[in-house]
1. Testing A:PHE33 on (1) assigned to a strand (DSSP E or B); (2) away from chain B (no Cβ under 14 Å), one condition comes back false. Which one is that?
2. Across region B:16-36, what is the number of residues that are under 15 Å from B:ASP56 (Cβ atoms) and among the polar types (S, T, N, Q)?
3. Go through region B:64-105 and report how many residues are within 23 Å of A:ALA91 (Cβ to Cβ) and either at pLDDT 95 or above or of a type outside the set (Phe, Trp, Tyr) (or both).
4. Mind checking whether some residue in region B:59-71 is crowded, with 21+ Cβ neighbours inside 10 Å, more than 10 Å from chain A (Cβ to nearest Cβ) and within 21 Å of A:GLN45 (Cα to Cα)?
5. Give me the residue from region B:16-51 that is within 10 Å of another protein chain (Cβ to nearest Cβ) and assigned to a loop (DSSP other than H, G, I, E, B) and, out of that set, surrounded by the most Cβ atoms within 10 Å (Cβ to Cβ).
6. Can you find a residue in region A:45-58 that is in contact (Cβ under 8 Å) with a residue 24 or more places away in the chain, assigned to a strand (DSSP E or B) and within 25 Å of B:PRO25 (Cβ to Cβ)?
Amino acid sequence: GESVGLHLPTLSVQEGDNSIINCAYSNSASDYFIWYKQESGKGPQFIIDIRSNMDKRQGQRVTVLLNKTVKHLSLQIAATQPGDSAVYFCAEKNQAGTALIFGKGTTLSVSS
Amino acid sequence: GAGVSQSPSNKVTEKGKDVELRCDPISGHTALYWYRQSLGQGLEFLIYFQGNSAPDKSGLPSDRFSAERTGGSVSTLTIQRTQQEDSAVYLCASERLAGGVGELFFGEGSRLTVL
């Protein structure tokens, strides 16, 4: 079946540190992966995406790495700030190419 | 409107009652999704509408759940004979292009509590 999961449900870091959030996926045919951020009481918000023909993509303070060999995805946040505190989800398209399937999420807590 | 709008934001109902949740997607977005998020959990896919095609209903948990999208815009998720396990936040999202790159724009959700 299809599943997208994360290695750790929670991650606590100090302000200014770099954060790495990991995700394992099971559908080897997936060609597109996305990271979303969900702040308390809000809907998820798109952060960054990556296609399977890439192994790295950078955005503003964020980098996504894709290792197709071990079906592993990670989100790196540089110089983590208190405003980065949220739940982070990785997601992939389902086999039909329609719905986005989300993992359970990692809660990132940033302390000052 | 500027974003995806959902109503009601909160709904408390008694077990066995029917509820309707409404979603107004971003104007011009052709795809619309419903997800369910239980407390502390991830997003569970429910249903996907794309243009005039038949919806992907593969995520609906039981026949008590149904959804419509009228005129390719507003969508209503209906839960009949609600059960306590239906309590969750129901999130709607729209996407500019059907089958697009996956940038969904979410509403803030409708929190359903079934007593």
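1. Failing condition for A:PHE33: (2).
2. Total satisfying the criteria: 1.
3. Residues that pass the stated criteria total 22.
4. no
5. Applying the filter and picking the extreme gives B:GLY42.
6. Among the residues of region A:45-58, at least one is in contact (Cβ under 8 Å) with a residue 24 or more places away in the chain, assigned to a strand (DSSP E or B) and within 25 Å of B:PRO25 (Cβ to Cβ), which makes the answer yes.
Here is a yes/no grid of residues against (1) crowded, with 19+ Cβ neighbours inside 10 Å; (2) in contact with a Leu (Cβ under 8 Å, 6 or more places away or on another chain); (3) modelled with pLDDT under 95; (4) more than 13 Å from every other protein chain (Cβ to nearest Cβ):
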site: A:LYS37; (1), (2), (3), (4): yes, no, no, no
site: A:LYS42; (1), (2), (3), (4): no, no, yes, no
site: A:ASN53; (1), (2), (3), (4): no, no, yes, yes
site: A:LYS56; (1), (2), (3), (4): no, yes, no, yes
site: A:GLN60; (1), (2), (3), (4): no, no, yes, yes
site: A:LYS68; (1), (2), (3), (4): no, no, yes, yes
site: A:LEU73; (1), (2), (3), (4): yes, yes, yes, yes
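The values are calculated or read from the model by the stated rules, or taken from the named source; none is laboratory data. Predicted, not measured: the structure shown is a model, and the values here were computed from it. Backbone-built Cβ (ideal geometry, glycine too); neighbour counts: all protein chains shown.
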